[in-house]
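Step one of this worksheet: look at the structure below.
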Amino acid sequence: MRFHYSFQKVVDLKTNEKAQAEWMLSTAVGQLQLEEQTLQQLMSEKSRMEHMIQQAATGCVSLLKLQEMQAYIEHLNQCISQKYSDVQRAELNVQKNKDHLTDKIVDEKVWLKAREKARISFQQELLLREQNELDEMATIRYAMRAR
């Protein structure tokens, strides 16, 4: 006789939900890394432009060119500020997905534990049945010898 858990489809569903939550967390982490990489590129570009302005200040560069460079740095500052907001949003999304995954893991563990308890109970009942059958066979043999 094989063990059949009547709520196996629920266990399978919980396992699938956990896998989906893992995938969502992975996607959120990838998005966070992308946002951080973009922020790093913007900061690098800003640093490069500031260095160019310092070099231009020591040399002969037109005032118009310096103003263009400064305007570009202002634009980069706005982009960096926006990117910090994007990074924070991505971090919150990662945290939300971590919490969601934790909930799904706990939920799955509860159902797996319930299935394991049911399996143990089934095995104990099976052993009890076998023992009763053996006891009955021994009783019948004893009764047949006693005649």
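Contact map, the range 69-85: residues that are in contact (Cβ under 8 Å) with a residue 24 or more places away in the chain paired with residues that are exposed (fewer than 15 other Cβ atoms within 10 Å of the Cβ) and not in a helix (DSSP H, G or I), Cβ distance under 9 Å, separation 6+ or inter-chain. No pairs are found.
Return yes when Q31 is assigned to a helix (DSSP H, G or I), more than 14 Å from the chain's Cα centre (by Cα) and either at pLDDT 95 or above or exposed (fewer than 14 other Cβ atoms within 10 Å of the Cβ) (or both) and no when it is not. No. Looking across the range 48-80 at every residue that is loosely packed, with under 11 Cβ neighbours inside 10 Å and of a type in the set (G, A, S), the one that is nearest to L25 (Cα to Cα) is identified as A71. Does the range 44-52 contain any residue that is modelled with pLDDT of 95 or more, on the phi < 0 side of the Ramachandran plot, in contact with a Leu (Cβ under 8 Å, 6 or more places away or on another chain) and among the hydroxyl-bearing types (S, T, Y)? No, that holds for no residue.
Results for (1) part of a helix (DSSP H, G or I); (2) surrounded by 11 or more Cβ atoms within 10 Å (Cβ to Cβ); (3) among the hydrophobic types (A, V, I, L, M, F, W, C), shown as yes or no for each residue.
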| position | (1), (2), (3) |
| --- | --- |
| K109 | yes, yes, no |
| Q124 | yes, no, no |
| L127 | yes, no, yes |
| Q131 | yes, no, no |
| D135 | yes, no, no |
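Just one of (1) within 30 Å of E17 (Cβ to Cβ); (2) at pLDDT below 95; (3) among the acidic types (D, E) fails for E68. It is (1).
Considering the conditions (1) within 30 Å of V10 (Cβ to Cβ); (2) in contact (Cβ under 8 Å) with a residue 60 or more places away in the chain, Q31 is excluded by exactly one of them, (1).
Right, E36: in contact with a helix residue (DSSP H, G or I) (Cβ under 9 Å, 6 or more places away or on another chain), farther than 30 Å from L13 by Cα and either exposed (fewer than 10 other Cβ atoms within 10 Å of the Cβ) or touching a residue at least 24 places away in the same chain (Cβ under 8 Å) (or both) or not?
Here the answer is yes, as E36 does meet what is asked.
Residues in the range 1-20 that are more than 29 Å from R129 (Cβ to Cβ) and hydroxyl-bearing (S, T, Y): T15 alone.
The values are calculated or read from the model by the stated rules, or taken from the named source; none is laboratory data. Since this is a predicted model, take the numbers as computed values, not measurements. All Cβ positions, even for glycine, are placed from backbone atoms using ideal geometry, and neighbour counts span all protein chains on display.
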